1. I'm trying to understand the selection: among the residues of segment 111-132, which are assigned to a loop (DSSP other than H, G, I, E, B) and free of Cβ contacts under 8 Å to residues at least 24 places away in the same chain?
2. Condition first: farther than 17 Å from GLN55 by Cα and of a type in the set (Gly, Ala, Ser). Now tell me which residues in segment 114-131 satisfy that.
3. How many residues does segment 38-62 contain that are loosely packed, with under 14 Cβ neighbours inside 10 Å and closer than 22 Å to HIS133 by Cβ?
4. For the condition at pLDDT below 60 and at positive phi, what is the one hit in GLY107, GLY129, GLY140?
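The values are calculated or read from the model by the stated rules, or taken from the named source; none is laboratory data. Every value quoted in this text rests on a predicted model; they were computed, and no experiment measured them. Please note: Cβ atoms are built from the backbone with ideal geometry, for glycine as well, and neighbour counts cover all protein chains shown.
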Amino acid sequence: MLNAGTGTGCATEPGGSDGPATFGWVAPQGGNCSAPISAGFLHGSAATAVSFSCQQDLQNARRNQTPIVVPVYVSQSAGSGAPTYTLQGFAEFVVTGFNMPDSDGDGAFASDWLNPANDCPDTETCLNGFFVHGVIPFTGSLGSTNLGVFVINLTG
């Protein structure tokens, strides 16, 4: 659920790690729902609405119950608006439902298939789901803490 800055933060992480009131979408690149990561940092977007491509990816992931890879950050800095996240690692997340603003103002909503009682009211922004262990089809190193996602490299 969107953190409006009223919570006490993540008990397992240092102060400021949860970044209250800095919810935003990662700046998508090339019309798809992805963004480059540079030296363990991810640059956010000042926008609070989900892009069309990210909305499509969320709908497909929810419908097919396919995990998506999400960055997990250990700290953030807002600077002059758009946050920059220092990454701790990556984890796989199964989307079960969502309610969030979109770019055309209609809102993007999908009821939680696992438990419809978890649906957000119209005025709330949320992404429902659960984390799983998984394998990322990727060549190289994630360069961060292992949070249950692994890279497999071909040899020989």
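1. First pass over segment 111-132, keeping only residues assigned to a loop (DSSP other than H, G, I, E, B): 111-115, 119-125.
Scanning segment 111-132 gives SER111, ASP112, LEU114, ASN115, ASP119, PRO121, ASP122, THR123.
2. Result: ALA117, single match.
3. Selection size over segment 38-62: 1.
4. On the way: GLY107 fails: at pLDDT below 60; GLY129 fails: at pLDDT below 60.
Just a single option satisfies the conditions, and that option is GLY140.
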